[in-house]
Each structure stands twice: as C-alpha cells, then as structure tokens.
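Data block below; observations after.
The values are calculated or read from the model by the stated rules, or taken from the named source; none is laboratory data. All of these numbers come straight from a predicted model, not from anything done at the bench. All Cβ positions, even for glycine, are placed from backbone atoms using ideal geometry, and neighbour counts span all protein chains on display. Surface accessibility is based on the protein's heavy atoms, side chains included, excluding ligands, DNA and RNA. Shrake-Rupley method; radii C 1.70, N 1.55, O 1.52, S 1.80 Å.
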Amino acid sequence: MKLVFATNNLNKLKEVQEMLPSSIELLSLEDINCFDEVAETETTLQGNAKLKANYITDKFGYNCFADDTGLEVDILEGKPGVYSARYAGVPTNSENNMQKLLAELNDKENRKAQFRTAICLNLDGKQTLFEGVCKGEILSKKQGEKGFGYDPIFKPVGFSNSFAQMKSEEKNKISHRGIAIQKLVDFLTDYKS
Ligand code: ITT
C-alpha cells in the first residue's frame, strides 16, 4: 500500500519511516513533486492535521496522512499547544522556541507538560483520526543533541533522559507520535480495501 506522509519536517518523516511495516510504502511530499507550503490556519491539532492531509488528497489524489503536534504546558494552560511551531514567532525556529519556554518557566515549580499528536488519515475516500499523548516535564536547561524541536527540554515521565538523549527507537516507543502512529499501523493492518 502506498501512502503519502504530508510533512515538510524530515525528522518526522524519518521517525515514522522507522515505525512502519514494509507492506506500507511511504511517499514523501518530494516523491510526489509537491513543494507547496500548507498554512496551518486551524485552531486545533486535529483541524490542522485534516487541512494538511486534505490538501494532498484533493490536489494530488493520493491516500495520505498528516500529523500536527503540540506541546501543552500545564502552568501555561496548555500553551503553546497548536501554536508550538510559531511560539517565538515566524520564521519558525526551535532554538528560539525553547529559549522562550525556558524563560517563561524560569523559577516555576510546576513544569508538567505533555506532547500531543493528532493524525488524520485519508484512505480510499474515508477519513480517520488518531491521537497520541506523552506526559512529561520541561527541564530547566537543554539536555542532549538528538531529535528535533523541543526534544532537548522535554523529559518523559518515568525516564531520566530527555527525548534528545534517547535513540529514535527509544523515543518512538513512548512518544506522542509513536503512540499515534502505532494506532495508525494497527488500523492499516486490520484494513480491508
Ligand atoms: P509539518 O507541519 O510539515 O509536519 P512542523 O515541524 O511544522 O512540520 P508541527 O506543526 O507538527 O510540525 O510541529 C509543531 C512544533 O512542535 C514544531 O516546533 C516542532 O518542531 C515541534 N515538534 C513536533 N514534534 C515534536 C517532537 O516529537 N519532539 C519535539 N518537538 C516536536
């Protein structure tokens, strides 16, 4: 089965590639000659995931899935959430986003946060949504070099390392995207066209 993953984020593409069984041939936007930027104009993660998946299915006709991910910080009442990519403004910049969040939480005791991923799958004319959540806390400074985005300042519950100190297989087992992708894989495994 051929499926397009509608993302411009090559780190996400790599993570997801590692998780899919060989029966699913993952196509990137580059593979289908799509170089468009889809503006994430919705106010929810599900809304943006739908927007990105629908753009590809409507314009290029492919079965496709897209994800949108947000970091929800308890003491900030769920912010930056759906605005995580643009937290420190545009053009988006992960280092600036992390520095803004660290400054915002300076001296705060409650550092609880969670990553949430929404996935929208368009398959044979039917749409299905999946979600994954990973609870953790925001560290007081960056730790580790791996991963991307907010990984150096996020430590999942039950672990002493940040996501950026984990191998991608380790992160994928417990991460928001890993959990949501596993649900997608289970769905596709049971799917009869
Ligand atoms: P696409 O929309 O093209 O898929 P993106 O990088 O814009 O790529 P999102 O809107 O889903 O992806 O991401 C929102 C923000 O959250 C952005 O700053 C990412 O770097 C960050 N992010 C997403 N997944 C993450 C992860 O697993 N670990 C750390 N940060 C992550």
TODO: Can you work out the PRE-style zone for Glu131? Point 7 Å along Cα to Cβ, and I want the residues of the range 158-179 with backbone N under 12 Å.
DONE: none
Task: Residue-normalised accessible area of the range 17-137, expressed per residue, 1.4 Å probe, Å² - done: 53
Open item on the list: Only bridges whose two residues both fall in the chain count here: according to DSSP, what percent of them are antiparallel, nearest 5?
Closed with: 85
Task: Convex hull per residue volume in Å³, alpha carbons only, for the chain - done: 112
Task: Pair Ala103, Asn8: separation of 7 Å Cα→Cβ label points (nm) - done: 2.5
Open item on the list: Place a point 7 Å from the Cα of Thr44 along the Cα-to-Cβ direction; which residues of the range 77-95 have their backbone N under 15 Å from it?
Closed with: 82-83
TODO: Take the alpha carbon atoms of the range 98-120, find their center, do the same for the range 50-78, and report the distance between the two centers in whole angstrom.
DONE: 20
Task: Portion, in percent, of the accessible area of the range 1-127 that falls on carbon or sulfur, probe 1.4 Å - done: 46
Open item on the list: Solvent-accessible area of Thr189, probe 1.4 Å, all protein chains present, reported in Å² to the nearest ten, please.
Closed with: 100
Task: Ellipsoid semi-axes in whole angstrom, largest first, where each is sqrt(5λ) of the Cα gyration tensor of the range 67-158 - done: 25, 15, 12
Task: Additional length obtainable on full extension of the chain from Glu170 to Ser140, 0.36 nm per residue less Cα span - done: 8.6 nm
Task: Among Asn33, Asn93, Pro80 the positive-end extreme of the charge dipole of the range 25-97 (Cβ point charges) - done: Pro80
Task: Radius 13 Å from Cβ of Ala113, net charge of other residues (Lys, Arg +1; Asp, Glu -1) - done: +1
Task: Relative packing of peptides 84-94, 150-160, 64-74, 133-143 - highest average C-beta neighbours within 10 Å first - done: 64-74, 150-160, 133-143, 84-94
Open item on the list: Please compute the length gained on full extension between Gln182 and Glu25, using 0.36 nm multiplied by the number of residues separating them and subtracting their Cα-Cα distance.
Closed with: 54.9 nm
- [ ] Towards the positive end of the charge dipole of the range 134-193, with charges on Cβ (+1 Lys, Arg; -1 Asp, Glu), say which of Ala180, Tyr191, Tyr150 has the farthest Cα.
- [x] Tyr150
